[in-house]
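Trainee: Got a structure for you, questions after.
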Amino acid sequence: MNVISLTQKLIQFPSITPKEEGCLDFIEDYLNKLGFVCNRLPFGEVDNLYARFGTSAPHFCFAGHVDVVSDIDASKWSYSPFSATIKEDILYGRGAVDMKGAIAAFLDATSQFIKNSFNGSISFLLTTDEEGPAINGTIKVLEWLKDKEESIHACLVGEPTNPHKVGEMIKIGRRGSLNIDITVHGIAGHVAYPELAKNPISVLLQYLQQITAASLDQGTENFSPSHLEITSIDVGNSTRNVIPTLAQAKINIRFNPLQSKERLVEKLEKVAAQFPLKIDIQSNQGCEAFMSTDQHLTEVVRLAVEEICGAQPTLSTTGGTSDARFIKDVCPVIEFGLVSATAHHINEHIAVSELVLLRNVYLKILENYFI
């Protein structure tokens, strides 16, 4: 099977997070036939696959996820989301871009590369938990590898990194991400007697205005300025003549290495202390900003992209988060995949020619890394 038929096959498994629906079964069988030693690693309701070819160093890992987001309104798609239909050389299907196309390119490139002898090992780390909470997927597999005292020396994650066409952009790092829940505590009362109540909504709006007006930083050479965005405001009040007890908001901060999760929470709490009502700031686990400092891996990928695609790729840290945020604690990691434009969209799709191009880039990366 080539990269096109492999992509179609993978899409046809409706592996909406956290289900694998036979997708990992198929990949495991494919890799077993190539001589990989495969380990299925279930944690909670999440299934994972770790497969390795060879036992010697250096060890190069392809990492990614087979889970996909919901098909949204399937009736609005031009073709069934899991039919993997090709029309005029465009392949349509949920996961075509994010990221079953890249996994198919991993598989096809690797099957070609290992036909010849080389010194080292190649592995696949695949999860069904990237689009979800990401607590029983890649991070748990990495813990399993640590317990086994198995080291990875370099990793490529196949997330869609290119804005318009394959070859434009390599991700050499990612901004940090932090979700914050803000709760303002007031005193409920009748709107006709405001002096007997304390309205938390007014305070929340003033607080949000203050924190969004302040610049967090000016960015760095490799990172854009840190950015705070309000994503929800909720009072839960269905009555027009009652001042509510609570007013709540959710915000997300995407930040560069000039910030940290702890410092950002401290800044928000410092502003909250200036207001007359109690404001609670609750943060989630989040993730810190990072950038790969491994010049060898960066050059291996950059030169492969340049040779196959005929263009100088941009080295970027833009975009959302990925499982690279976990892998960077274990080994140098870089991201390169398909075009991100239709990821998670209705009619998610990719040009067949882009799949072939990505497969060729991955093959060249393996050749460059193991020379």
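Throughout, read-outs are computed from the coordinates displayed, never taken from laboratory work. Please read all numbers here as calculations on a predicted model, not as lab measurements. Methodologically, a virtual Cβ is constructed for each residue, glycine included, from the backbone with ideal geometry; neighbour enumeration extends over all protein chains shown.
Trainee: Sequence gap at least 6, Cα distance under 8 Å: using those rules, report the relative contact order of the stretch 266-363 to the nearest whole percent. Walk me through the numbers on the way to the answer.
Mentor: Working: 48 pairs, mean separation 25.6, N = 98.
Relative contact order of the stretch 266-363: 26 percent.
Trainee: Pop a pseudo-label 7 angstrom from the Cα along the beta-carbon direction at both His164 and Asp217 and give the gap in nm to one decimal.
Mentor: If labels sit at His164 and Asp217, their model points lie 3.1 nm apart.
Trainee: Order these peptides, 354-364, 86-96, 286-296, by their mean beta-carbon neighbour count within 10 angstrom, highest first.
Mentor: Values: 354-364: 22.9, 86-96: 20.1, 286-296: 17.1.
Listed from highest to lowest mean packing, they are 354-364, 86-96, 286-296.
Trainee: With r as the distance between the Cβ atoms of His344 and Glu45 and R0 = 25 Å, compute the FRET efficiency 1/(1 + (r/R0)^6) and round to 0.05. Could the numbers behind the result be given before it?
Mentor: Values: r = 22 Å, r/R0 = 0.87.
The pair Glu45/His344 has a calculated efficiency of 0.70.
Trainee: I need the peptides 108-115, 313-320 ranked by packing, meaning the mean over residues of other C-beta atoms within 10 angstrom, with the highest value on top.
Mentor: Working: 108-115: 18.4, 313-320: 16.9.
Top to bottom by mean Cβ count within 10 Å: 108-115, 313-320.
Trainee: Considering amide H positions built from the backbone, and no H for Pro or chain starts, which residues 5 or more places from Glu348, or on another chain, come under 5 Å of its amide H?
Mentor: Under 5 Å from the amide H of Glu348: Gly93.
Trainee: How much length is gained if the chain between Glu143 and Glu88 is pulled fully straight, taking 0.36 nm per residue apart and subtracting their Cα-Cα distance, in nm to one decimal?
Mentor: Values: separation 55, 0.36 × 55 = 19.80 nm, distance 4.43 nm.
Value of the extension gain: 15.4 nm.
Trainee: HN-Hα J couplings of the stretch 38-54 from phi, Karplus 6.51/-1.76/1.60, θ = phi - 60°, integer Hz, Gly and Pro as x?
Mentor: Ordered by residue, 3J(HN,Hα) equals 10, 10, 8, 10, x, 10, x, 8, 9, 9, 9, 10, 10, 9, 9, 10, x Hz.
Trainee: Same structure, new question: Hey, what angle do you get for helix 101-113 against the long axis of the chain, alpha-carbon based, 0 to 90 degrees rounded to 10?
Mentor: Between the helix axis and the principal axis of the chain, the angle is about 30 degrees.
Trainee: I'd like the FRET efficiency for Glu229 and Lys270, computed as 1/(1 + (r/R0)^6) with the beta carbon distance as r and R0 of 25 Å, rounded to 0.05. Mind showing how you got there, number by number?
Mentor: On the way: r = 20 Å, r/R0 = 0.80.
In this case the efficiency is close to 0.80.
Trainee: Put a dot 7 Å past each Cα toward the Cβ at Leu258 and Ser117; how far apart are the dots in nm?
Mentor: Distance between label points: 5.4 nm.
Trainee: Still on this structure: Take Arg240 and Lys76, extend 7 Å from each Cα along the Cα→Cβ direction, and tell me the distance between the two endpoints in nm.
Mentor: 3.2
Trainee: Per residue, what volume in Å³ does the Cα convex hull of the stretch 176-283 take up?
Mentor: Working: hull volume 9.5 nm³, N = 108.
Dividing the Cα hull volume of the stretch 176-283 by its residue count gives 88 Å³.
Trainee: Still on this structure, I have one more. Name the long-range amide H neighbours of Asp47: under 5 Å, sequence gap of 5 or more, or other chain; modelled H, no Pro or chain starts.
Mentor: Thr128
Trainee: May I pose another question? Setting aside same-chain residues fewer than 8 positions from Lys261, which lysines have a Cα under 28 Å from its Cα?
Mentor: Lys140, Lys146, Lys171, Lys250, Lys270, Lys278, Lys328
Trainee: So, one more: Tell me, what ³J(HN,Hα) does each residue in the stretch 354-368 have, in order and in whole Hz, if you take phi through Karplus 6.51 cos²θ - 1.76 cosθ + 1.60 with θ = phi - 60° and put x for Gly and Pro?
Mentor: So the Karplus estimates, Gly and Pro as x, are 5, 4, 5, 4, 5, 4, 5, 5, 4, 5, 5, 4, 4, 4, 5 Hz.
Trainee: Whole-Hz ³J(HN,Hα) for each residue in the stretch 335-346, computed from phi via Karplus 6.51 cos²θ - 1.76 cosθ + 1.60 with θ = phi - 60°, x for glycine and proline: what do you get?
Mentor: For the stretch 335-346, the Karplus-derived couplings read 10, 7, x, 8, 7, 7, 3, 10, 4, 6, 8, 4 Hz, x marking Gly and Pro.
Trainee: Looking at the chain, which Cys residues are left with no other cysteine's beta carbon under 4.7 Å from theirs?
Mentor: Cys23, Cys38, Cys287, Cys309, Cys331
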